[in-house]
Amino acid sequence: MEERRHFLVPKHSIVPKEREEDILKRLHATKEMLPIILKSDPAIKKLKAKPGDIIEIERDSPTAGKSLYYRVVR
């Protein structure tokens, strides 16, 4: 069956563990400070992300072109 992607859903991907520290350092944040995304979210279910994983969300921006957001799975 062909996979369909909804055009309003931005690209979600799991941040590899080896990149987490660099991202948190760049954001001057800890995992606890990141916004939460629930493991019941359809995009997270599809990724099979686990609680504690950091998710990178790539959104289109009219001014910046692409912008990255980070959320932690709970």
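The values are calculated or read from the model by the stated rules, or taken from the named source; none is laboratory data. The structure displayed is predicted, hence computed values, not measured ones. Glycine also receives a Cβ, built like all others from the backbone with ideal geometry; neighbour counts cover every protein chain displayed.
The residue list Arg26, Arg5 contains one member that is at pLDDT 95 or above and surrounded by fewer than 10 Cβ atoms within 10 Å (Cβ to Cβ), which is Arg26. The condition of being surrounded by 11 or more Cβ atoms within 10 Å (Cβ to Cβ), at pLDDT 95 or above, at negative phi and part of a loop (DSSP other than H, G, I, E, B) holds for Lys39.
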